[in-house]
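Working notes, structure below.
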Amino acid sequence: MIEVRIIKLLEEFVSGTYTDEYQYKAFLLSQINDYWNWQDSEINILLEEANRKLGEINAFSFLIPNIDLFIKMHITKEASTSSKIEGTKTEMDEAIMKEEEISPERRDDWKEVHQYIEAMNSAIELLKQLPLSNRLIRETHKILLKTVRGENKLPGEFRTSQNWIGGSNLLNAKFIPPHHNYLDELMGDLEKFIHNETINVPHLIKLAMLHYQFETIHPFLDGNGRVGRLIITLYLVDNGLLSKPALYLSDYLERNRDEYYSHLTAIREKNQIIPWIKFFLKGIISTATNAKETFIKIIQLQKDMEVKLHSFGTKSEKINTILNSFYDTPILSVKDIVIRTGIADKTTRNMLELMLEEGLIKEMTGYGRNKLFIFEKYFNLFK
């Protein structure tokens with residue numbers, strides 16, 4: 001018996017319909033686990049360019065020694081930027097510091113950023129045991145909301161009540177996601193779509209659709225935006241498009257925040273998914289291009305530092321050890337360096353003085369005690 005495949009066009013995409021609930025209407029999404037194609041040739045051009053750019057990122061991830069050190073910085077920037085989209089105000093330099101170095105009134109924001117970092121790292125490890133799935137998504141959400149602000153928002157559980165976006169209540173909300181009774185069906189369809197290899201939808205097209213669908217389902221009481229953006233990187237790693245988690249879209253989405261939200265709204269209200277897919281692919285291209293440029297600058301900086309180290313003569317070995325600590329965390333105290341390197345306190349202070357004189361690092365507090373040192377040339381590559 002010949003299987004008949006009905007291929008749907010993205011140009012004819014129907015996002016969903018509204019259901020009548022008590023005193024409000026909620027948006028019920030169409031399911032997306034299906035065969036999809038398109039007629040717009042620009043998508044093919046963008047898709048080819050985006051895949052090529054991802055290939056370049058993979059090449060650099062094999063070329064750079066200690067790539068995991070630099071990916072740690074990418075994750076820190078992603079955590080800061082993704083949280084910023086949701087209103088958290090922790091800057092990149094604060095995200096690198098320890099909690100006790102943060103002013104008390106900013107510590108809750110700092111904790112949220114660090115929960116994002118923990119959630120991302122945990123999810124990447126979990127991918128070695130589990131595929132990208134609802135179970136993994138819930139586990140990641142559980143870690144993300146493991147703070148004072150999130151503990152009453154059902155961490156790790158899909159919502160069991162109605163939520164909304166914008167406004168102060170259901171009556172003046174800008175958008176109301178599907179009623180919670182539909183969540184199991186919709187998230188089940190989403191999981192099938194992620195793993196359905198018979199439909200032959202290219203990964204980046206599937207990922208763009210997946211992100212829209214997840215954000216519109218809004219399956220959690222809180223943290224949907226952060227989890228949705230985190231899923232982008234997890235999908236790329238899980239499906240072999242990235243060998244290392246070296247690409248994060250939040251910076252692009254934050255810089256184009258209004259356009260980002262406008263595209264999601266246009267799909268819900270006008271079924272216009274093609275412009276969103278183009279915007280998403282352009283984001284992959286832009287972000288991958290920036291990541292490649294950062295990797296090139298890191299390689300050049302390492303070469304420059306190697307040349308500089310020769311001028312320190314017999315002290316170069318200890319200074320190189322200290323400098324390697326700054327590659328891991330570009331803002332450090334004397335105590336941090338002593339713990340990380342095992343170099344004696346007095347020797348560490350002497351080496352830091354030499355590094356300050358030669359302009360390798362800067363002191364950033366201006367204090368006489370409890371000084372913090374920054375490897376600014378490296379740190380600025382991620383700003």
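Here are the numbers:
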quantity: Subset tally (residues that are touching a helix residue (DSSP H, G or I) at 6+ places or on another chain (Cβ under 7 Å), among the aliphatic types (A, V, I, L, M) and either within 30 Å of residue 169 (Cβ to Cβ) or not in a loop (DSSP other than H, G, I, E, B) (or both)) for region 38-66; calculated: 6
quantity: Test: residue 361 is touching a residue at least 24 places away in the same chain (Cβ under 8 Å), closer than 30 Å to residue 248 by Cα, in contact with a helix residue (DSSP H, G or I) (Cβ under 9 Å, 6 or more places away or on another chain) and not polar (S, T, N, Q); calculated: yes
quantity: Qualifying residue in region 235-256 (condition: surrounded by 17 or more Cβ atoms within 10 Å (Cβ to Cβ), of a type in the set (Val, Ile, Thr) and in a helix (DSSP H, G or I)); calculated: yes
quantity: Check on residue 382, touching a residue at least 60 places away in the same chain (Cβ under 8 Å) and not β-branched (Val, Ile, Thr); calculated: yes
quantity: Residue in region 45-65 that is without any contact (Cβ under 8 Å) to a residue 24 or more places away in the chain, at positive phi and either of a type in the set (Gly, Ala, Ser) or not assigned by TED's automatic domain parsing to the domain that holds residue 226 (or both) present; calculated: no
quantity: Within region 55-85, tally of residues that are of a type in the set (D, E, K, R) and more than 17 Å from residue 120 (Cα to Cα); calculated: 1
quantity: Residue 298 being at pLDDT below 95, crowded, with 18+ Cβ neighbours inside 10 Å and aliphatic (A, V, I, L, M); calculated: yes
quantity: Exclusive hit being on the phi > 0 side of the Ramachandran plot and in the same structural domain as residue 285 (by TED's automatic domain parsing), set 172, 181, 196, 200; calculated: 200
quantity: Residue that is nearest to residue 143 (Cα to Cα), among those in region 94-119 that are crowded, with 18+ Cβ neighbours inside 10 Å and of a type in the set (Asp, Glu); calculated: 112
quantity: Qualifying residue in region 322-336 (condition: polar (S, T, N, Q) and surrounded by fewer than 16 Cβ atoms within 10 Å (Cβ to Cβ)); calculated: yes
quantity: Residue 346 at pLDDT 95 or above, of a type in the set (D, E, K, R) and exposed (fewer than 11 other Cβ atoms within 10 Å of the Cβ); calculated: yes
quantity: Selection count where residues are assigned to a helix (DSSP H, G or I), under 30 Å from the mean Cα position of the chain (by Cα) and not charged (D, E, K, R), scope region 322-340; calculated: 8
quantity: Residue that is part of a helix (DSSP H, G or I) and surrounded by fewer than 17 Cβ atoms within 10 Å (Cβ to Cβ), where the choices are 314, 365; calculated: 314
quantity: Of all residues in region 127-146 being within 19 Å of the chain's Cα centre (by Cα) and part of a loop (DSSP other than H, G, I, E, B), the one that is surrounded by the most Cβ atoms within 10 Å (Cβ to Cβ); calculated: 145
quantity: Residue within region 30-37 that is among the β-branched types (Val, Ile, Thr), in the same structural domain as residue 215 (by TED's automatic domain parsing), more than 29 Å from residue 327 (Cα to Cα) and outside any helix (DSSP H, G or I) present; calculated: yes
quantity: Search result, residues across region 178-211 that are at pLDDT below 95 and within 20 Å of residue 135 (Cβ to Cβ); calculated: 197
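Condition check ((1) touching a Leu at 6+ places or on another chain (Cβ under 9 Å); (2) under 21 Å from residue 56 (Cβ atoms); (3) without any contact (Cβ under 8 Å) to a residue 40 or more places away in the chain; (4) not acidic (Asp, Glu)) across all residues:
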site: 285; (1), (2), (3), (4): yes, yes, no, yes
site: 301; (1), (2), (3), (4): yes, yes, no, yes
site: 306; (1), (2), (3), (4): no, no, yes, no
site: 322; (1), (2), (3), (4): yes, no, yes, yes
site: 344; (1), (2), (3), (4): no, no, yes, yes
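The values are calculated or read from the model by the stated rules, or taken from the named source; none is laboratory data. Keep in mind it's a predicted model, so treat the numbers as computed, not measured. Quick reminder, even Gly has a Cβ in these numbers, built from the backbone with ideal geometry, and neighbours come from all protein chains shown.
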